[in-house]
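Step one of this worksheet: look at the structure below.
The values are calculated or read from the model by the stated rules, or taken from the named source; none is laboratory data. Predicted model, so just to flag it, every value in this text is computed and none were measured. Cβ placement follows ideal geometry from the backbone for every residue including glycine, while neighbour counts extend to all protein chains displayed. Protein only, heavy atoms only, side chains kept; ligands, DNA and RNA dropped before computing areas. Shrake-Rupley method; radii C 1.70, N 1.55, O 1.52, S 1.80 Å.
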Amino acid sequence: MAVRNLWKGLSGGAGDNLTSDGLRLSVLEDFEQTGLAWIWASDADGVLSYLSPGAAEAMGLPLANLLGRPLATLFETDPEHPDTHSARPLGFQISAHNRIVDVTVRCALPEARTGRPVWLSLSGQPKVDSTGRFHGYRGSAKDISVEYQRQIEDSRLAEYDSLTGLYNRHRMHRRLESVLAAFKAAKRNCALMMLDLDRFKQVNDTMGHPAGDDLLRQVAERLRNIIGDRGEIGRLGGDEFQVIIPDVDDRGKLGELADKIIQIVSQPYPIDGKRAIIGTSVGIAIAPYDGQEVEELVRASDLALYSAKNGGRGQFRFYSSDLKDEEEERQLLLDDLREALESEQLELHYQPVVRIHDNHVVGMEALMRWEHEERGWVSPGMFIPVAEDSSLIGPLGDWALNRACADAAAWPDTVRVAVNVSARQFTTAGFVDVVADALQASGLDPDRLELELTESVFMGDSEATEETFRALKKIGVRLALDDFGTGYSSLSYLRSAPFDKLKVDKSFVDSCTQKDQNSAKIITAIIGLSKALGMETTVEGVEAFDQLEVVRSRGAELVQGWIFAKAMPQHQVLQNIRSGEFKIEPSGPDKHRPDRRSMFRRIGIIHGDHRYDAVIRDLSKTGAFVEGLVGVPLDTALVLDLGGGQLVVCKVLRSEGAQLGVEFETPLVSDGAGGLCTRHRVSPYALAAASLPVAGAPSHAPAALSAGAGAPQFMQVQVGSGG
């Protein structure tokens with residue numbers, strides 16, 4: 001009867017008694033029964049007035065629940081996978097009385113979401129009478145669930161990484177392209193993080209590719225948990241990942257997020273009953289400051305990533321315009337390092353480990369030093385990671401072992417020497433023989449050699465690691481676990497490895513005097529644990545008397561840090577020994593304060609309608625010393641232009657001659673490279689709106705803000721270009 005009523009509407013009500021119309025009606029009813037397609041109709045208001053019972057049955061809903069409802073609210077298109085026919089919302093097409101052709105929809109009712117989604121291909125023709133009056137739609141629908149699910153899966157394969165389920169390179173590129181285009185028009189910002197995994201190749205090499213795949217899946221899951229709904233994550237291939245974070249330009253927050261990623265990703269991974277340890281480095285670029293097009297922003301984040309890796313790995317870096325081509329620079333550094341090793345340009349300096357109850361030196365840590373004829377002193381944090389990524393770490397480590405043992409043989413028998421051993425060196429075949437040969441050649445008592453290891457030695461073949469431990473202990477050398485308490489130190493290491501000492505990382509000492517930190521409690525816990533296990537503890541990085549008192553009160557017995565001595569060359573060590581007892585009295589500041597970086601950099605100072613050239617000499621998170629202006633009263637509010645859109649509001653606390661001491665209104669944040677930067681920058685959009693140059697520094701004040709505009713309020717003096 002429903003089909004007959006529908007037919008009356010189609011034929012204007014005149015075909016019920018006609019033979020041809022009866023045949024059409026019979027064919028229509030038979031067609032409905034086949035299930036190949038269904039029939040539907042709506043009234044002039046877009047309300048569903050007819051639907052084949054088979055369609056309701058396929059959707060698992062009573063027909064009565066569907067009829068009488070507006071089509072626009074009854075069916076919905078798929079926003080995740082729109083097709084060309086579904087580009088406009090269904091409601092728009094119906095209200096415009098447009099012809100509907102193969103629009104993919106599913107039922108939007110909550111009760112239809114409980115089972116497998118049924119996707120329909122909807123087509124319809126608007127019914128208009130001879131006067132042009134619209135009467136509704138007459139149309140057809142067919143079940144395309146199987147085909148559509150296959151289409152979704154094909155789309156997923158094309159846009160998603162099959163191993164991790166993250167977006168792939170193609171999808172991330174298109175997504176970044178669309179985000180930047182939209183944000184550029186709206187003058188919004190967007191951060192891009194580039195990550196790759198440190199030591200991932202070692203996992204593949206030592207544990208096999210299936211283990212590497214398992215690790216990548218676990219990394220992806222950790223990234224999902226960290227990023228949440230704040231951004232989108234993609235795997236670009238291999239061990240490279242990318243994160244798009246819209247509407248965030250706060251470098252403080254981004255740095256905290258990058259630190260969290262580094263910490264969580266560096267946690268050990270359980271794989272087939274073993275533990276794999278990797279790390280990650282992060283490069284960060286922010287649109288529109290570091291680029292407004294996809295290629296610009298990706299290149300900027302890539303350069304920042306290379307800088308992070310070259311800076312020692314396990315770090316983050318923000319892009320800055322002075323970053324070089326890090327790959328080329330890395331290769332040049334490696335070539336120079338190889339030449340330095342061959343021509344004996346490297347040195348070992350030794351930092352004392354002091355027994356604090358009587359200030360006697362009981363040990364010395366060997367630290368590698370390299371003075372390059374053009375680069376000057378090159379930081380070990382820069383050249384050691386480069387060596388670890390190449391075959392050079394083996395010869396470099398062998399040289400350090402032999403030199404340290406030979407030097408220590410000239411010290412008192414009560415003084416040990418500690419040598420850092422990289423994970424790659426430790427797992428090299430023949431490492432135990434290198435240690436034995438160094439001891440034999442120098443005549444050093446094995447008990448006076450202490451090998452400092454990090455958690456990374458536990459990555460890979462645990463049986464081979466344990467065998468190396470047994471062989472070293474058989475020789476009689478001592479073992480120390482370095483950087484304990486950072487990352488994700490596991491107590492199982494202490495159970496399975498025969499360590500003689502734990503070393504408390506400097507990061508806990510830096511904040512141990514701050515009441516809002518738990519560092520002092522952590523130091524206490526590590527010292528207590530070490531004593532319970534019959535081990536020694538060395539607390540590293542003590543620089544001030546307030547820190548010394550804290551670690552002393554927490555039970556520390558051995559201390560290493562600048563309060564006793566910096567690392568010194570062998571000839572200075574021997575001079576100290578010849579002077580009598582090898583004893584060092586502590587000397588340093590009463591209180592530890594955050595690092596103040598000595599520097600020499602030209603900046604701008606803005607006050608009122610004037611802009612002055614000046615030089616910044618010392619910089620900390622909360623203030624700076626600046627030279628260049630005379631006669632500035634105390635409490636004067638100034639703006640420092642640090643370049644690159646970095647403007648810092650500050651107040652003058654000290655004014656002596658041409659030197660100003662200023663306090664920042666908002667503290668600076670870490671730039672990930674040991675330096676400082678502002679949380680926010682002046683947007684290129686704002687600079688362009690003010691007719692100011694987007695690039696270059698310091699040029700971010702209006703043209704009127706110059707030392708020559710009007711009568712200067714302060715006297716500007718010329719500052720030399722020396723350091």
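Summary table below
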read-out	value
Span from the segment 232-290 Cα centroid across to the segment 125-152 one, whole angstrom	47
Per residue accessible area in Å² of segment 419-485, where ligands, DNA and RNA are left out and the probe is 1.4 Å	40
Of all accessible heavy-atom area on segment 318-446, the percent that carbon and sulfur account for (1.4 Å)	46
Order by protection proxy (mean Cβ within 10 Å, highest first), peptides 89-102, 434-447	434-447, 89-102
Among 335-345, 405-415, 240-250, the order from most to least packed when residues are scored by Cβ within 10 Å on average	240-250, 405-415, 335-345
Cut-off under 5 Å, modelled amide H: who pairs with GLY623 long-range	PHE664
Qualifying lysines (Cα of each under 26 Å from Cα of LYS651; at least 8 residues distant if same chain)	LYS253, LYS591, LYS621
By accessible area with a 1.4 Å probe, ligands and nucleic acids excluded, highest first: order of LYS260, LYS474	LYS474, LYS260
Centroid-to-centroid separation of segment 611-674 and segment 313-386 [C-alpha atoms, Å]	31
Peptides 548-558, 295-305, 627-637 ordered by average Cβ neighbours within 10 Å, highest first	295-305, 548-558, 627-637
